[in-house]
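Worksheet: the structure to be examined is printed underneath.
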Amino acid sequence: MHASTSCPSCGHQATGKFCNQCGASLASPSCPSCRAVVPAGSPFCHECGARIAPGGSAAGRPAASQPWLIIGGVVVVASLVAVVWATAGRRPQPLPPAASGIGQAATTDLTQMSPQEQATRLFDRVMRAHEAGDMEEVAFFGPMAIQTHELLGVLDRDARYHLALLHSVGGTPDLALVHADSLDLEVPGHLFAAMLRGSIARMQGDSLALRQAYAAFLDRYDAEMAVGRGEYQQHSTSIELFNEEARTGTE
């Protein structure tokens with residue numbers, strides 16, 4: 001006689017291979033993304049973070065108006081990323097290691113990441129896609145990355161710079177400029193503000209605004225770098241590239 005088990009879909013006590021109440025499979029499902037065996041009733045894959053729908057099938061793509069999944073008050077955007085990749089017919093790939101050094105192995109349980117780690121991972125993915133010219137991926141992951149940053153609450157200067165860049169490459173430069181102004185209000189002459197204005201001016205083909213951004217950056221560069229702000233260290237490569245660009249552009 002088969003032992004009774006709780007159905008992962010409706011909770012009914014059933015025996016055999018399928019629930020006689022709702023028809024869901026009683027066997028341990030496999031992840032629709034990475035095919036790992038997942039314990040029956042588990043809402044997420046412990047290997048890649050993909051959401052497991054009742055019965056072991058891939059969860060459907062959430063509608064635009066559907067609220068983000070919240071576990072313990074944390075939005076699990078990384079899980080939604082894996083689900084949508086699976087349902088869109090594209091092979092899911094692990095999120096890349098964070099540029100700030102918060103690297104994780106491909107088998108990391110993404111649902112265990114902190115909100116800051118989720119935001120950083122998605123930011124890195126969007127910016128790398130933009131650099132590669134993959135605007136389809138930018139359009140897909142950009143809104144997720146923006147929302148994870150907005151849900152962080154009070155933003156530090158590094159997170160505000162990230163959010164502004166996401167708006168910039170995502171087609172909402174006006175919102176990016178709002179964050180540039182906020183950085184300038186908090187720290188007059190902050191290099192990120194000039195860099196953001198310069199990047200937006202370049203994309204919009206505004207040569208006057210670009211020259212003004214270059215001039216503002218070079219005027220504050222030495223003094224700001226002498227302060228040794230932590231966010232400058234995290235984006236040292238971008239700062240030096242803009243510095244070279246500004247010096248060349250003002251010659």
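Is it the case that region 159-173 has a residue that's over 26 Å from Arg121 (Cβ atoms) and aliphatic (A, V, I, L, M)? No, region 159-173 contains no residue that is over 26 Å from Arg121 (Cβ atoms) and aliphatic (A, V, I, L, M). Each residue in region 231-251 was checked for being outside any helix (DSSP H, G or I) and farther than 14 Å from Leu196 by Cα, and 2 pass. Would you call Asp206 within 26 Å of Pro115 (Cα to Cα), among the acidic types (Asp, Glu) and over 14 Å from the mean Cα position of the chain (by Cα)? Judged against the criteria, Asp206 is not a match. Kindly establish whether Thr237 is outside the structural domain of Met127 (by TED's automatic domain parsing), loosely packed, with under 14 Cβ neighbours inside 10 Å and hydroxyl-bearing (Ser, Thr, Tyr). Considered against the rule, which asks whether it is outside the structural domain of Met127 (by TED's automatic domain parsing), loosely packed, with under 14 Cβ neighbours inside 10 Å and hydroxyl-bearing (Ser, Thr, Tyr), Thr237 comes out as yes. Looking only at region 193-215, decide whether some residue is of a type in the set (Lys, Arg) and buried (at least 22 other Cβ atoms within 10 Å of the Cβ). Yes: one or more hits.
Beta carbons closer than 6 Å, at least 6 apart along the sequence or on distinct chains, pair a first residue in region 105-122 that is surrounded by 24 or more Cβ atoms within 10 Å (Cβ to Cβ) and at pLDDT 75 or above with a second that is in a loop (DSSP other than H, G, I, E, B) and among the β-branched types (Val, Ile, Thr) for Thr120/Ile102.
The values are calculated or read from the model by the stated rules, or taken from the named source; none is laboratory data. Here the structure is a predicted model, which is why all the values come from computation and not from measurement. Here Cβ is always computed from backbone atoms with ideal geometry, including for glycine, and neighbour counts include all displayed protein chains.
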